[in-house]
Amino acid sequence: MTGTELLTGVSPSLQALAVIGIVLLEAVILYVGYGGVEKAVAPAVLNRLASR
Amino acid sequence: MLESILSFELLGLGPRVIALFVTFGFMVGVFFGFFGMGGSFLVTPALLILGYPAPVAIGSSMAFVFGTAVIATIKHHDAGQVDYRLGALMFVGITLGIELGSRLVFGLEVLGIANVVVGITYVLLLAAIGVLFTRSALQTDEAVGDETGERDSDTNSDDDEIPAIARRIQSYNLPPMMTLADGSKASLWTISGVGGGVGLVSGFLGVGGGFVRMPAIYYVIGTSLAAAVGTSLFGGLMSGAIGAFTYGRAGVINIGVVTALLIGSALGARIGSSATAYVDEDDVTIYFGIMLLVASAAVGISELSDWLEIPVLDRVSFLLLVGSALLVCFMILYHGALAVRRARGVPA
């Protein structure tokens, strides 16, 4: 799957902006998602590291 | 059941390929978050080895660098390690330099010597930066002596962190002088020169340029290593966006590959960025320098592979590149774990 399949019939610049928008959205979602995971798991992981 | 899992496809990728990209993305993310470089440098050759056409490999790598740089920049922003003003000022020079560098390549192509000159320049540049970092790390080890490992990164003053060569360059008063985020001053000419130089290398070699950008900010403009990494990431974000836009217009970015890599790198970049607050840079700089020297050898072997038409050398080059990056990634995680134990009063 490439960026060209995302939008048909629109200008290449708009397609490129759409690809950048998707990557940006993915990055923000992953940042927020892993942030939640970090909050939940990090204290236990750090404690485990310190206790071993 | 297992068969149905293995035949499952997401965004055109099977589970094995997704697992490979997520793992690889994690390693690159740790690296990128900690050093502020290593995106296109590692991902493009990996995609080429896996059989993706060059435009898809470069375009997807650029989009991936953009995504990872967004994540790592936000993380460094939270730690106050991004000098946006410096990044923006440098970006003007970088853009002009990229244009000049690409024109230089086209000029050399007319003479029929572009591949040879670009290949040799890449090898020499990687080796030179590798030697610079390795020597700097060895000198620090000698200077610190028995105290190595006992210093807490929080207690280092900025003056200690800024290399002597950068302090000397900062001492020349060449107006207009700009105030950096840490309060030190640098000439706009130095900043523009560094930006132009980094852009020139980037456009000439066809790479993201983080491996030049970060050392240039650290050694020439003169910020702390953490600020150099954060600001370099911001530069990577901007150049990644431009690269993704250029290749996105040609419709060659593989969203599936970028997504799988990002899933891994988003986690790795968080860990790598967080590690900069714990790990004493001196502990890892030596590995970074050695990795660049190995990378220089790897690129040299890859160039030899093209000239001698021996494809197996290309795989040797790739294994060297990934192997050395994997080692440095492991050392970052290892020293991070040790630093956490030290911070909590547990003997290492």
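The values are calculated or read from the model by the stated rules, or taken from the named source; none is laboratory data. What you are looking at is a predicted structure, and each value in this text was computed from that prediction instead of being measured. For neighbour counting, all protein chains shown are included, and Cβ atoms are generated from backbone atoms with ideal geometry for every residue, glycine included. Ligands, DNA and RNA are excluded from the accessible area calculation, which covers all protein heavy atoms including side chains. Shrake-Rupley method; radii C 1.70, N 1.55, O 1.52, S 1.80 Å.
Taking region B:336-348 as the range and being on the phi < 0 side of the Ramachandran plot and open to solvent by 30 Å² or more (accessible area, probe 1.4 Å) as the test, the residues that pass are B:LEU338, B:ARG341, B:ARG342, B:ALA343, B:ARG344, B:VAL346, B:PRO347, B:ALA348. Per the listing B:ILE74, B:ILE49, the residue uniquely surrounded by fewer than 24 Cβ atoms within 10 Å (Cβ to Cβ), within 12 Å of another protein chain (Cβ to nearest Cβ) and in contact with a helix residue (DSSP H, G or I) (Cβ under 9 Å, 6 or more places away or on another chain) is B:ILE74. Of the residues making up region B:225-267, those that are among the aliphatic types (A, V, I, L, M) and facing chain A (nearest Cβ under 7 Å) are B:ALA241, B:ALA244, B:VAL252, B:ILE253, B:ILE255, B:VAL258, B:LEU262, B:ILE263, B:ALA266, B:LEU267. Only one of the listed residues (A:LEU24, A:LEU46) is assigned to a helix (DSSP H, G or I) and either under 18 Å from B:LEU333 (Cβ atoms) or in contact with a strand residue (DSSP E or B) (Cβ under 9 Å, 6 or more places away or on another chain) (or both). That residue is A:LEU46.
Residue count for region B:16-36, restricted to those that are more than 16 Å from B:LEU326 (Cβ to Cβ) and crowded, with 24+ Cβ neighbours inside 10 Å: 1. Among the residues of region B:272-317, just one is aliphatic (A, V, I, L, M), open to solvent by 30 Å² or more (accessible area, probe 1.4 Å) and outside any helix (DSSP H, G or I), namely B:ILE310. Tallying residues that are closer than 15 Å to A:ALA27 by Cα and open to solvent by less than 10 Å² (accessible area, probe 1.4 Å) within region B:233-245 yields 4.
Do we have B:GLY248 as within 13 Å of the chain's Cα centre (by Cα) and buried (at least 24 other Cβ atoms within 10 Å of the Cβ) here? Criteria not met by B:GLY248. Just wondering, is there one or more residues in region B:263-271 that are basic (Lys, Arg), open to solvent by 10 Å² or more (accessible area, probe 1.4 Å) and without any contact (Cβ under 8 Å) to a residue 24 or more places away in the chain? No: zero hits.
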